[in-house]
Amino acid sequence: MQKDQDREKAGGRIQAIGSLCAIAGIMVLLIAAGCMDRESRAVAPDNETALLTVAVTILPQKQFVERIAGEHVHVIVLVPPGASPHTHEPTAKQLEDISRASVYIKVGSGIDFERAWIHKLSGVNPRMTIVDSSEGIQRIAGGHDHEETATPADHSDNSDEGEGTDPHIWLSPKNARIMVENTCRGLTRADPIHADEYRANADAYQKELDALDTEISEDIASREVHTFMVYHPAWSYFAKDYGLVQIPIETDGKEPSPAGIENLILKAKNENITVIFASPESSTKSATVIAEEIGGTLVLVSGLEEDYLGNLKKVAQAFTKGGE
């Protein structure tokens, strides 16, 4: 009798354990299904209310994406304010964020951040679509002055992308127009439900870029100053578009030697330059020395402001007032 009772108790315990295991299994399946559902919505929204998560490299691209897609997107910027795309490394939080992105719109010009991290970012989220916003843009070799030869873009996915060319393609309204077009196409492929809206918004923004281009051209044509000295040679495309001469202080990512600084001081004096430019993201040491030696001033300009239209207008005015 006692043995029968013991067997019944043991059987009950086994049945209870089995039930708990079954419940746990169901919970795991439900959680997994929920995760898969979230992942599916993040990678490919299939309704009008789901947000498309879009990653970009630099802040100006954020304006491009938001002016095209508006309230339909959540934008992740991988190089944050104050950081340089030549030196920034993604944080753990950014890697977590990009794992949820549907699309990564890269600059595509061979900028250091992308060359160093594009494969890692793709590995974090293999389902993420990568859009090259530089497609169709003619590159300028080097990045030291506007007289360099333009070369066709290299769109390979290897580490030599953009090798030997100036990666700062967005600092030209004409190039930005092409980048916006490529961005619009990428967003439309990822979210065809809003294709007509994206097209109309892109057209409107491109008209603003055209107006900015015309305004800068007319403003520069009315001024006498057409040469500027800047620490980091990021403005080659801008200089080429508007007939300006960019004199860089930095060469191949290195500070100038004492002899190099003396030579730059002489150039500045010969060109009647009274303003030396540097960026908040780069060193100002050499630029400060040169500005002091010529009795001029140091002015900070950035090519990484989120307000792309307003920033380029401001920079154009700064460059052409440098000797007036």
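Residue count for region 286-324 satisfying the condition of being within 17 Å of Pro248 (Cβ to Cβ) and at pLDDT below 95: 3. Checking each residue in region 95-117 for being touching a strand residue (DSSP E or B) at 6+ places or on another chain (Cβ under 7 Å) and of a type outside the set (Gly, Ala, Ser) picks out Asp97, Ile98, Arg100, Val103, Tyr104, Ile105, Lys106, Glu114.
Residue-wise test of (1) in the same structural domain as Val73 (by TED's automatic domain parsing); (2) among the hydrophobic types (A, V, I, L, M, F, W, C).
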{"residue": "Leu171", "(1), (2)": "yes, yes"}
{"residue": "Glu181", "(1), (2)": "yes, no"}
{"residue": "His226", "(1), (2)": "no, no"}
{"residue": "Ala234", "(1), (2)": "no, yes"}
{"residue": "Gly253", "(1), (2)": "no, no"}
{"residue": "Pro256", "(1), (2)": "no, no"}
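The values are calculated or read from the model by the stated rules, or taken from the named source; none is laboratory data. Predicted model only: the values in this text are computed from it and were never measured. Using ideal geometry, Cβ is built from the backbone for each residue, glycine included, and neighbour counts are taken over all protein chains shown.
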